[in-house]
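Visitor: The structure is given below, and queries will be raised subsequently.
Each reported figure results from applying straightforward, stated rules to the coordinates on display, with no laboratory input. It should be emphasised that the depicted structure is a prediction, and the values quoted were computed from it without experimental measurement. Neighbour counts are summed over all protein chains in view; Cβ atoms, including those assigned to glycine, are modelled from backbone coordinates with ideal geometry.
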Amino acid sequence: MSAKLHVLDPTTSPSFPVAAKTMLGNTQLRKNVRHATEVIQNKRARVVSELPDWQQLREAGRQIRTHTMANLDFYLEEFERNCTKAGGVVHWARDAAEAKQIVTALVKASGSDEVIKVKSMTTEEIHLNHALEAAGIRAYETDLAELILQLGHDMPSHIVVPALHKNRQQIREIFQREMNLPELGERPQDLADAARRFLREKFLRVKTAVSGANFLIAETGGVCIIESEGNGRMCVTLPETLITIAGIDKVLPRFQDLEVMLQLIPRSATGERMNPYNSIWTGVHEGDGPRTFHVVLMDNARTEVLADEEGRQTLNCVRCGACQNACPVYRQTGGLAYGSVYAGPIGAILTPQLQQMHHAQSLPYASSLCGACYEVCPVKINIPEVLIHLRHKVVEQKDTLDAEALAMKAMGLIFRSERRFRAAQRLGRIAEAPLVRKDGQGSGWIDRLPGILGGWTQVRDLQQMPKETFREWWEKRGSRGK
Amino acid sequence: MVKVLERLGHTVEFPAGQTCCGQMHWNTGYQAEPLPLVGQFVSQFKGAEAVVVPSSSCVAMMRDHYPKMAAEIGDAKLIKDVEELLPRVFEFSEFLTKRLGLEDVGAYYPHRVTYHASCHGLRNLGLGDGPQRLLKAVRGIDLVEIQGLEQCCGFGGTFAIKNADVSSAMLAEKTTAVLNTGAEACTACDNSCLMHIQGALHRQRTGVRTVHLAEILASEEAVA
Amino acid sequence: MSGGRNEVRVANEPTMNSSDARALVLRRIQAAKGAAPEATVIEREWCAIERNYQRTATRGREAVLELLEDRLRDYDAHVMRVRPNEVAATVAMMLRERGKQRVVIPAGLTADWLPEGFEFVVDHGASAVELDGFDGVVTGATVAIAETGSIVLQDVPGQGRRAVTLVPDYHLCLVRVEDVVETVPEAMDRLRATATLPTTFFSGPSATADIEMTRIKGVHGPRFLDVILVG
């Protein structure tokens with residue numbers, strides 16, 4: 001454990017433009033990201049086209065999640081009541097610190113100094129493993145990707161395929177080293193077999209498990225986990241004690257609502273008609289599964305997001321990752337550039353809001369607003385709208401003497417007056433004159449712009465302003481025109 | 001654009017007081033500056049039978065945001081005016097295909113061309129294959145489909161400056177895709193995309209140019 | 001409103017702390033969006049959610065069964081459809097093909113379905129390690145979904161507790177044709193009455209795509225799945 005651990009902490013991560021620049025230099029990563037996102041996108045497109053009612057499902061998904069958030073207090077209390085009735089113990093945590101404290105105490109109370117963990121973005125968000133280790137508890141990740149990241153001392157770069165930035169050679173090296181398997185083969189099947197053996201021993205032995213949840217069903221008090229590998233089933237079935245931690249945004253009103261989510265999510269997340277395993281359990285069931293079951297409901301600034309009428313739809317997210325696969329920016333940089341466990345389009349809106357806009361202020365700008373994310377979001381979160389809204393919030397926090405703000409003010413004044421607009425056009429022509437050079441065809445181009453505009457001319461030329469603006473052309477022909 | 005519209009027999013006016021739709025400000029987070037532009041737009045174009053715009057991102061800006069901006073200003077008359085005017089505002093290609101129901105506008109452009117689907121036109125305005133149908137009807141044209149047709153070129157307004165590196169990477173993919181078509185020219189409905197793509201095509205001395213859809217549609221056979 | 005957010009309270013009694021947290025979180029929610037209306041209003045709102053997606057079958061019964069078989073085969077499961085009096089023989093054939101001899105079964109599994117010549121051990125709370133020692137498991141099923149190729153099991157007689165279909169490496173599942181539906185909503189309708197029972201959906205053997213997006217079968221959970229459709 002002596003290797004350096006990347007920590008994706010939005011309060012300390014470099015800004016997106018800086019981090020992105022580094023990631024753009026990593027050819028292997030870019031190749032992996034491009035390949036992975038293309039594969040899932042194609043699979044998704046295929047299985048979505050099979051459903052003639054896909055748009056109706058999306059709309060139902062949107063309405064279900066919106067309705068949930070509008071009545072969040074009611075549904076959380078209903079879930080608590082029903083889960084408790086079924087033998088579960090429900091805890092509430094204001095923030096990450098409290099959540100970590102509660103989980104640590106519960107693990108200790110279970111009499112175990114090790115836990116097996118199912119992949120959970122929520123536990124990554126709060127850096128739970130770190131807190132557990134500090135309390136002398138060994139946490140074993142059991143998702144193949146999370147295992148790869150844990151053994152490789154790395155962080156997730158995608159919601160659904162967290163280790164997609166690693167290829168098989170990199171994974172093989174990690175397993176060879178950490179599992180002590182010098183003869184390990186390099187086919188993906190060999191690697192999966194190694195992981196299976198390594199983890200099976202733990203599944204059959206470790207007494208306490210920690211999981212996240214995809215949904216908390218208010219009507220029944222049940223919990224639903226959507227997974228592919230079976231490690232989730234192992235963790236929620238075999239141990240004596242199960243501790244599930246979930247953001248308060250995970251609650252779902254009724255059992256029937258799963259009929260929508262279980263169609264939207266597998267198709268969006270992995271491009272399958274259904275993922276291999278879904279587990280639903282309610283409290284404690286005699287003779288089947290853990291004897292002790294705890295749920296920790298965590299806020300950690302979700303109520304802040306809820307309080308923002310325009311940002312609130314961010315909470316509707318069902319963590320499918322489809323937006324990441326569709327995003328042309330993510331495609332170039334991968335997830336680590338976003339400096340948060342929530343990356344890509346959803347990360348660009350969720351992370352700054354969870355930080356109450358104190359950090360990650362560059363993330364809302366990490367987008368060309370192309371809208372591909374909105375197109376694929378199974379619950380129709382209008383991510384571009386929220387991005388613009390958050391940009392506004394960032395601007396509001398700025399100092400009025402900020403250079404960009406001043407420039408924008410000046411441009412605003414120009415646009416408000418036709419006279420000033422014309423003047424600006426004339427001025428533009430004058431100002432650019434010294435920068436213009438004629439090319440081989442005799443047309444004028446600028447290949448170097450000063451200051452921040454230099455970003456443009458890094459790889460692009462800028463054509464000289466036309467000799468005659470449209471305005472001028474129009475006025476000239478005025479009397480001659482039809 | 002004027003040429004095409006007049007060729008089709010329409011009378012075109014250009015209200016001189018028009019300036020800008022405010023997209024750059026609004027999308028960058030500056031919501032105060034563009035507010036007066038709503039009223040300005042309305043006053044300039046109020047009486048028009050149709051307002052035609054050679055830019056899908058500008059139309060998207062107005063359709064997506066002007067109603068709520070008017071509501072923010074709180075002027076009941078302005079809100080009503082915006083509501084009445086917007087249905088008469090069209091992006092150029094959608095004016096031809098949806099409002100006029102045309103595909104052949106009498107154009108002649110004997111060149112190999114590839115089309116890039118600008119994001120706002122594609123997703124916000126739902127232009128569909130309208131632009132491609134217009135292009136296919138152009139006499140003499142050799143239209144080649146580009147790989148990654150719907151992938152963003154990387155301009156994104158101030159994104160190209162604030163995230164210049166990523167923007168360049170996205171542009172590189174788009175440029176490669178353009179070059180792989182063997183086309184002489186790349187066309188689109190938005191000058192912002194075209195300026196962006198052209199910037200790289202020119203820097204790399206590819207000899208490939210960009211041309212706005214309207215320019216292609218305006219192009220006619222030379223009189224013998 | 002960042003007061004208290006980063007404070008670390010010393011946890012003397014998790015429950016006492018938790019009720020403070022509970023009250024605060026609920027208060028925050030209500031401050032954020034207003035207090036929730038009456039339960040009857042919420043119920044009305046929930047009922048008003050537009051569900052214009054498909055909720056019933058559009059295919060005929062035979063087509064539904066064929067679809068299920070196709071989907072299961074896509075997952076590399078062996079599937080056979082047989083009449084009730086042929087089940088035991090088919091079970092025998094499949095177990096022989098897979099080389100399975102000592103098999104665990106849940107209590108309440110239809111006796112007629114089990115052939116002679118194999119060791120069927122009824123599960124009475126065997127440990128995980130003991131379960132690991134069996135060659136495989138045979139169970140019935142609650143409902144199967146043709147569109148997605150999914151089979152759902154619950155903790156009832158004939159299907160057993162979850163560990164029993166989790167630990168052994170081979171699962172032979174018997175599905176009656178009357179328990180096959182076309183769509184996910186139909187399945188959820190069937191499950192609703194027993195929604196609080198431990199429930200597992202299987203759609204093919206376990207898989208991951210975490211290594212270069214190659215779908216690899218069998219990380220955990222049974223790597224081999226066979227299905228007999230009865231009826």
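Visitor: Across the residues of A:279-291, average count of Cβ atoms on other protein chains within 10 Å?
Guide: Other-chain Cβ atoms within 10 Å of each residue's Cβ, averaged: 5.
Visitor: Something else about it: For segment B:1-59, what is Rg from Cα atoms divided by 2.2 N^0.38 Å, rounded to two decimals?
Guide: On the way: Rg = 13.4 Å, N = 59, 2.2 N^0.38 = 10.4 Å.
Ratio of Rg to 2.2 N^0.38 Å for segment B:1-59: 1.30.
Visitor: How shielded is A:22-32 by partner chains, expressed as the average number of their Cβ atoms within 10 Å of its Cβ atoms? Working shown, then result.
Guide: Values: counts 1, 3, 4, 1, 0, 0, 0, 0, 1, 0, 2.
Other-chain Cβ atoms within 10 Å of each residue's Cβ, averaged: 1.
Visitor: Moving on to the next point. Which whole-percent values make up P(r) of segment B:112-218 when all C-alpha to C-alpha distances are grouped in 5 Å steps starting at zero?
Guide: 2, 13, 25, 26, 19, 9, 3, 1, 0
Visitor: Let me ask something additional. Could you order peptides A:257-268, A:334-345 by the average number of other Cβ atoms within 10 Å of their residues, highest first? Could the numbers behind the result be given before it?
Guide: On the way: A:257-268: 26.0, A:334-345: 28.2.
Peptide ranking by packing, descending: A:334-345, A:257-268.
Visitor: Right, something else. Give me the net charge for the shell around A:S110: Cβ to Cβ below 13 angstrom, other residues only, Lys and Arg +1, Asp and Glu -1.
Guide: Overall, the nearby charge balance is 0.
Visitor: Nearest 10 degrees, 0 to 90: what angle lies between the long axis of helix C:87-98 and the longest principal axis of chain C (Cα atoms)?
Guide: Rounded to the nearest ten degrees, it is 90.
Visitor: While we're looking at this one, here's another question. Report the charge-dipole magnitude of the protein assembly as shown in Debye, nearest 20, computed about the Cα centre from +1 at each Lys and Arg Cβ and -1 at each Asp and Glu Cβ.
Guide: In debye, rounded to 20, the protein assembly as shown gives about 2520.
Visitor: Moving on to the next point. Any of A:K166/B:K162; A:K398/B:K68; B:K3/B:K46; A:K119/A:K393; A:K43/C:K100; A:K108/C:K100 with alpha carbons more than 31 Å apart? Name them for me.
Guide: Details: A:K166/B:K162 29 Å; A:K398/B:K68 24 Å; B:K3/B:K46 23 Å; A:K119/A:K393 33 Å; A:K43/C:K100 35 Å; A:K108/C:K100 41 Å.
Correct reply: A:K119/A:K393; A:K43/C:K100; A:K108/C:K100.
Visitor: Still on this structure, please answer the following. Mind listing the phi-derived Karplus ³J(HN,Hα) values for segment A:328-337, rounded to whole Hz, using 6.51, -1.76 and 1.60 with θ = phi - 60°, and x for any glycine or proline?
Guide: x, 7, 4, 4, 7, 10, x, x, 5, 5
Visitor: Exceeding 25 Å between C-alpha atoms, which entries from my cross-link table qualify? They are A:K438/A:K476; A:K476/B:K98; A:K100/A:K202.
Guide: Values: A:K438/A:K476 27 Å; A:K476/B:K98 32 Å; A:K100/A:K202 23 Å.
Flagged as over cut-off: A:K438/A:K476; A:K476/B:K98.
Visitor: So what does the Cα-only Debye profile of segment B:2-99 read at q = 0.10 Å⁻¹, as log10 I(q)/I(0), no solvent term?
Guide: So the normalised log intensities work out to -0.27.
Visitor: Further question: How large is the translational diffusion coefficient of segment C:61-230 in µm² per second when you combine the Kirkwood radius over alpha carbon pairs with Stokes-Einstein at 20 °C and 1.002 mPa s? The partial results should precede the final answer.
Guide: On the way: Rh = 16.1 Å.
For the chosen part, D equals 133 µm²/s.
Visitor: Checking the cross-link filter: which aspartates and glutamates have an alpha carbon closer than 13 Å to that of A:K85, excluding same-chain neighbours under 8 positions apart?
Guide: Qualifying aspartates and glutamates at Cα under 13 Å: A:E77, A:E219.
Visitor: Please state the charge dipole magnitude for chain A, taken about the Cα centre, from unit charges on C-beta atoms (+1 on K and R, -1 on D and E), reported in debye and rounded to the nearest 20. It would help to have the intermediate numbers written out before the result.
Guide: Values: 61 positive and 56 negative charges, 455 e Å.
Here the size comes out at about 2180 debye.
Visitor: Out of residues 5 or more away from B:L143 or on other chains, whose amide H comes under 5 Å of its own, with H placed 1.01 Å from N in the peptide plane?
Guide: B:V113
Visitor: Please report Rg over Rh for segment C:31-95, where both radii come from the alpha carbon positions and Rh follows the Kirkwood definition.
Guide: Result for segment C:31-95 is an Rg/Rh of 1.36.
Visitor: Right, something else. Of all alpha-carbon pairs in segment A:83-161, indicate the percentage at a distance above 22 angstrom.
Guide: Details: 891 of 3081 pairs.
Roughly 29 percent, rounded to a whole number.
Visitor: Same structure again: Explain nothing, just the number: relative contact order of segment C:61-230, from Cα pairs under 8 Å at least 6 residues apart, as a whole percent.
Guide: 28 percent
Visitor: For segment C:86-142 and segment A:155-214, what is the separation of their Cα centres, given in Å?
Guide: Going from one Cα centre to the other spans 31 Å.
Visitor: Across peptide A:376-386, how many C-beta atoms of other chains are within 10 Å of each residue C-beta, on average?
Guide: Working: counts 0, 0, 0, 0, 0, 0, 1, 0, 7, 3, 0.
Shielding by partners across A:376-386 averages 1.
Visitor: Note the direction-averaged projected area, equal to a quarter of the hull surface, for the Cα convex hull of segment A:420-482, in nm².
Guide: On the way: hull surface 24.3 nm².
Taking a quarter of the hull surface, the average projection is 6.1 nm².
Visitor: How many percent of all Cα-Cα pairs in segment A:281-379 sit more than 20 Å apart?
Guide: Numbers: 2237 of 4851 pairs.
Of the Cα pairs, 46 percent sit more than 20 Å apart.
Visitor: Please list the non-local residues whose amide H lies under 5 Å from the amide H of C:S150, H modeled 1.01 Å from N, same-chain partners needing a gap of 5 or more.
Guide: C:I145
Visitor: Quick one: which residues, 5+ away or cross-chain, put their amide H under 5 Å from the amide H of C:V227? H built at 1.01 Å from N.
Guide: Amide H to amide H, under 5 Å and 5 or more residues apart or across chains, C:V227 pairs with C:H78, C:V79, C:M80, C:C173.
Visitor: Kirkwood Rh, Cα Rg: Rg to Rh for segment A:209-312?
Guide: Values: Rg = 14.6 Å, Rh = 14.7 Å.
Using only Cα positions, Rg/Rh for segment A:209-312 is 0.99.
Visitor: How big is the shadow of the Cα convex hull of chain B, averaged over all directions, in nm²?
Guide: 12.9 nm²
Visitor: Kindly give the semi-axes, whole Å and largest first, of the ellipsoid equivalent to chain A, taking each as the square root of 5 times a Cα gyration tensor eigenvalue.
Guide: Working: eigenvalues 454, 139, 90 Å².
Its equivalent ellipsoid spans semi-axes of 48, 26, 21 Å.
Visitor: Same structure, new question: Quick one: compute the contact order of segment B:45-137, relative version, from alpha carbon pairs under 8 angstrom and 6+ residues apart, as a percent.
Guide: Details: 75 pairs, mean separation 34.1, N = 93.
The value is 37 percent.
Visitor: At q = 0.09, 0.10 Å⁻¹, what log₁₀ I(q)/I(0) does the protein assembly as shown have when each alpha carbon counts as one equal point scatterer in the Debye sum?
Guide: The Debye formula, applied to the Cα set alone, gives -0.99, -1.17.
Visitor: What length, rounded to one decimal in nm, is gained on full extension from A:V436 through to A:R34, with 0.36 nm per residue of separation minus their alpha-carbon distance? Before the final figure, lay out the partial values.
Guide: Working: separation 402, 0.36 × 402 = 144.72 nm, distance 3.74 nm.
Separation in residues times 0.36 nm, less the Cα-Cα distance, equals 141.0 nm.
Visitor: Between helix B:76-85 and chain B, what is the angle of the helix's C-alpha long axis to the longest principal axis, kept within 0 to 90° and rounded to the nearest 10?
Guide: Rounded to the nearest ten degrees, it is 30.
Visitor: Here is a follow-up. If each of A:R138 and C:A193 carries a label point 7 Å out from its Cα toward its Cβ, how far apart are those two points in nm?
Guide: 4.8 nm
Visitor: Also, quick follow-up: State, to one decimal in nm², a quarter of the convex hull surface area for the C-alpha atoms of segment A:143-255, i.e. the direction-averaged projected area. Numbers along the way, then the final one.
Guide: Working: hull surface 31.5 nm².
About 7.9 nm², averaged over all directions.
Visitor: Any idea what angle helix A:383-397 forms with the longest principal axis of chain A, computed on alpha-carbon atoms, 0 to 90 degrees, nearest 10?
Guide: The helix A:383-397 is inclined about 70 degrees to chain A.
Visitor: Here is a follow-up. Equivalent-ellipsoid semi-axes (√(5λ), Cα gyration tensor) for segment C:71-161, whole Å, largest first?
Guide: On the way: eigenvalues 86, 59, 39 Å².
Taking √(5λ) for each eigenvalue gives 21, 17, 14 Å, largest first.
Visitor: Cα-Cα pairs above 19 Å in segment A:143-206: how many percent?
Guide: Working: 538 of 2016 pairs.
It works out to 27 percent of all Cα pairs.
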